Amino acid sequence: MKHQGFTLWLTGMSGAGKSTVSDMLMDRFRAAGAKVELLDGDVVRTNLSQGLGFSREDRDTNVRRIGFVAELLSRNGVIAVVAAISPYRATREEVKAKIASFVEVFVDCPLEVLAARDVKGLYKKALAGEVGNFTGISDPYEAPLNPDVVVRSDRETVEVSVDRVWQELIHRGLITA
């Protein structure tokens, strides 16, 4: 595979399928011999953003840090795959403006499905008011207005979602088939 550096940013609520889709994309990129790195929101929060809370300011700082690393990777010829809730539209747009090749994927899924999928019961607790600052419940999630790709994890298989993203990357000339 031939590719240039770019950032593939998957955003969506907790449990929507960002990690599942990004993991399958990573497998596909690696199998094709691409230079690729995954910046998973949970992993970044544990390592690069340790100590940040869940206030808007801390969430924005976390997204900006992820964006900084993604920009460094992509301008050096690496595909940066980001799987992070990144709840605030303005901060995503700010990061997007700093990265030359940026593809935004909205992993969309209705709240009822997310709550039903939630093995940890966090949505149930958040809906009952037991968990504060929970994205999409007691803290906003601002969906992208014009994402490059929309993945509907409640309606399509992971394979279909990955294929849709892959075809968009080919269409943009970021990767070769």
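Applying the criterion of being more than 15 Å from ALA84 (Cα to Cα) and at pLDDT 95 or above to the residues of segment 34-56, the residue that is surrounded by the most Cβ atoms within 10 Å (Cβ to Cβ) is VAL36.
The residues in segment 94-110 that are touching a helix residue (DSSP H, G or I) at 6+ places or on another chain (Cβ under 6 Å), among the aliphatic types (A, V, I, L, M) and either part of a loop (DSSP other than H, G, I, E, B) or farther than 17 Å from SER14 by Cα (or both) can be counted, and the count is 2. Within segment 20-31, being surrounded by fewer than 15 Cβ atoms within 10 Å (Cβ to Cβ) and of a type in the set (A, V, I, L, M, F, W, C) holds for one residue alone: ALA31. In this structure, VAL165 does not qualify as open to solvent by 40 Å² or more (accessible area, probe 1.4 Å), within 13 Å of VAL21 (Cβ to Cβ), of a type in the set (Val, Ile, Thr) and touching a residue at least 60 places away in the same chain (Cβ under 8 Å).
The residues of segment 75-86 that are assigned to a loop (DSSP other than H, G, I, E, B) and open to solvent by 80 Å² or more (accessible area, probe 1.4 Å) amount to a single one, ASN76.
Among the residues of segment 129-149, what is the count of those that are under 16 Å from TRP9 (Cα atoms) and open to solvent by 60 Å² or more (accessible area, probe 1.4 Å)?
Total satisfying the criteria: 2.
Flag: ALA143 matches the condition of being under 26 Å from THR7 (Cβ atoms), in a loop (DSSP other than H, G, I, E, B), touching an Asp or Glu at 6+ places or on another chain (Cβ under 8 Å) and of a type in the set (A, V, I, L, M).
Could you list, in sequence order, the residues of segment 111-121 that are in a loop (DSSP other than H, G, I, E, B) and either within 17 Å of VAL149 (Cα to Cα) or free of Cβ contacts under 8 Å to residues at least 40 places away in the same chain (or both)? VAL119, LYS120, GLY121 - these are the residues of segment 111-121 that are in a loop (DSSP other than H, G, I, E, B) and either within 17 Å of VAL149 (Cα to Cα) or free of Cβ contacts under 8 Å to residues at least 40 places away in the same chain (or both). Each residue in segment 63-74 was checked for being surrounded by 17 or more Cβ atoms within 10 Å (Cβ to Cβ) and of a type in the set (Lys, Arg), and 1 pass.
The values are calculated or read from the model by the stated rules, or taken from the named source; none is laboratory data. All values derive from a computational prediction rather than experimental measurement. Because the Cβ atoms are built from the backbone with ideal geometry, glycine has one as well, and the counts that use them run over all protein chains shown. Heavy atoms of the whole protein, side chains included, go into the accessibility calculation; ligands, DNA and RNA do not. Shrake-Rupley method; radii C 1.70, N 1.55, O 1.52, S 1.80 Å.
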